[in-house]
Amino acid sequence: MTAETQTQSKIKVGIDAMGFSGAQCYIDMVDLAKARGVDPAKFIVGIGQKQMSVATPCEDTVSMAALAGRKALESFNIDPSEIGTLIIGTETGIDHSKPATAYVHELLGLPTNCRQFETKHACYGATAGLTSAADWISSGRARGRKALIIASDIARYGIDTPGEPTQGAGAVAMVVSENPRLFELDMNCVGDFSSQVMDFWRPLYSKYAFADGHYSIDCYLEALAHSLKDAQSVSDDLDRFKPDNLAACFYHVPFVKMARKAHTCFLEQHIDRKLDLQDVADKEIFTKSYGELTAPWLSVNAQVGNIYTGSLFLSMIDFISQENRDLENRDISIFSYGSGCGASFMLAKVVDGAMDYAQALNPRAELDRRQKLTIEEYEKIVALAEDIDMNDGLAPDPARWNLKGDIFYLGTHNHSRQYGPQSMRGQLQRVS
Ligand code: CAA
């Protein structure tokens, strides 16, 4: 390590603030299973999902990102003027050219000398933003300012497809800064993995993702094993990677069962053999480790569904909201996977005092305010979403689903997307 990198590694950088804003409607997975003629146990136990958030046509990548970003700033008393970089990671782009950040920059009143851009790499987009922001701060170029990284996505696979029970919608915002209050990232041993695979993708002509589902699971697990090895290869303390020394293991969560598969793979890397879950001793090893390190932070994911690039960070919000003070000052592992594919494995530390923000981060109120939809209502929303992006179309009235708030996608006028409160709809109607 050179003297220069040693200096950089001394800067404490990480996640200083977070905020979650999800779509305001949901369906119950038992209802969905019944409507599709599937045994509900497949969705609840086999896939691990209880509910799934559904975005109405008034909620999109921008509106959810702005609400999550505002929540992170307000809950942690951060003035918009402190933000010098805004990055939105999304695979639900709203324009082929203009980044979603341009709208969010305006909606949040960020300074004009704040750079802003969008990152796309399937579910890895926000992680790319997070590590870039950490590097920006570590390099000294941030001039004391902070970065706002927002993961915002709507997962759409289509009605009656294998991916349908693994949809969801929501945004997680993170402020990255020096001397963070929540998680301190260890930028000295981040492991990466990339490989060109066709496991999941969404061509320009499709609103729906294409997935080779079972193959995508294999790609995810292979990426986990490789990126872990890469991280270990640059670490001078391999003991820190041992499951017994970690307070929590976070994974990308496209559906809850995937995190269980990921943790199995993680344990197997350590014991250097396959676990046989039919064997009593192996089952005990797995159940204890998964039950302590991963399962406790998946209950929000089980209710929200896949929010693609934000789903990993949603479980980190769940972790803090449980206010487990014994886990402060301990290491955690973070694994991010984006189909196509790219992945990173890293270690971080839970900052002393992080649990003081448990209430600020509690996602329960956000979940409780959601409206439950029947499967018929959900299917109507899916049909409406087909042509919601057409020019000079007014999006439906948010009141139709009893949506609350002041930032909605109102429609596209003169080829320009319009955002604002419900009251702005009248003005748009008049100019149309
Ligand atoms: N009771 C209990 N369990 C049941 C059951 C029942 N009646 N019926 C089935 N199951 C279990 C199965 O045994 C299986 O469990 P295991 O995986 O542990 O064996 C699980 O339920 C799912 O059953 P199937 O594999 O038969 O389900 P499927 O073929 O319909 O599809 C899927 C599952 C492949 C995950 C599909 O939902 C899909 O394609 N999802 C989208 C792709 C995806 O999320 N991939 C994840 C990795 S890629 C990634 O992470 C990026 C991203 O966000 C997309």
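In the range 105-128 there is no residue matching the filter, namely being among the aliphatic types (A, V, I, L, M), more than 16 Å from the ligand (Cβ to nearest atom) and within 26 Å of Cys341 (Cβ to Cβ).
It is to be established whether one or more residues within the range 193-208 are open to solvent by 10 Å² or more (accessible area, probe 1.4 Å), part of a strand (DSSP E or B) and within 11 Å of the ligand (Cβ to nearest atom). Yes, the range 193-208 contains a residue that is open to solvent by 10 Å² or more (accessible area, probe 1.4 Å), part of a strand (DSSP E or B) and within 11 Å of the ligand (Cβ to nearest atom). The residues in the range 72-101 that are of a type in the set (Ser, Thr, Tyr) and under 20 Å from Leu314 (Cβ atoms) can be counted, and the count is 3. Considering the range 209-228, the residues that are within 14 Å of the ligand (Cβ to nearest atom) and crowded, with 20+ Cβ neighbours inside 10 Å include one that is farthest from Tyr157 (Cα to Cα), namely Ser227.
Determine which member of the set Asn324, Asn306, Asn301 is open to solvent by 10 Å² or more (accessible area, probe 1.4 Å), at pLDDT 95 or above and not aliphatic (A, V, I, L, M).
After applying the criteria, what remains is Asn324.
Could you grab me the full set of residues in the range 41-60 that are in contact with a helix residue (DSSP H, G or I) (Cβ under 7 Å, 6 or more places away or on another chain) and open to solvent by less than 40 Å² (accessible area, probe 1.4 Å)? Residues satisfying the conditions are Phe43, Gly46, Ile47, Gly48, Gln49, Gln51, Met52, Ser53, Val54, Thr56, Pro57, Cys58. Glu366 fulfils the conditions (1) assigned to a helix (DSSP H, G or I); (2) more than 16 Å from the chain's Cα centre (by Cα) except for a single criterion, (2). When Ser81, Ser63, Ser21 are checked against the criterion of being surrounded by fewer than 16 Cβ atoms within 10 Å (Cβ to Cβ), among the hydroxyl-bearing types (Ser, Thr, Tyr) and more than 16 Å from the ligand (Cβ to nearest atom), a single residue qualifies: Ser81. For the subset of the range 84-97 comprising residues that are in a strand (DSSP E or B) and under 20 Å from the mean Cα position of the chain (by Cα), which member is surrounded by the most Cβ atoms within 10 Å (Cβ to Cβ)? Step by step, filter the range 84-97, then rank; the result is Ile88. Residues of the range 342-360 that are open to solvent by less than 10 Å² (accessible area, probe 1.4 Å) and in contact (Cβ under 8 Å) with a residue 40 or more places away in the chain: Gly342, Ala343, Ser344, Phe345, Met346, Leu347, Ala348, Val350, Ala354.
I want to confirm something. Restricting to the range 384-403 and keeping residues that are in a helix (DSSP H, G or I) and under 18 Å from Thr92 (Cβ atoms), which single residue is farthest from the chain's Cα centre (by Cα)? This residue is Leu384. Of the residues making up the range 162-174, none is surrounded by fewer than 17 Cβ atoms within 10 Å (Cβ to Cβ), assigned to a helix (DSSP H, G or I), within 12 Å of the ligand (Cβ to nearest atom) and at negative phi.
The values are calculated or read from the model by the stated rules, or taken from the named source; none is laboratory data. Computed from a predicted structure; not experimentally measured. For neighbour counting, all protein chains shown are included, and Cβ atoms are generated from backbone atoms with ideal geometry for every residue, glycine included. Heavy atoms of the whole protein, side chains included, go into the accessibility calculation; ligands, DNA and RNA do not. Shrake-Rupley method; radii C 1.70, N 1.55, O 1.52, S 1.80 Å.
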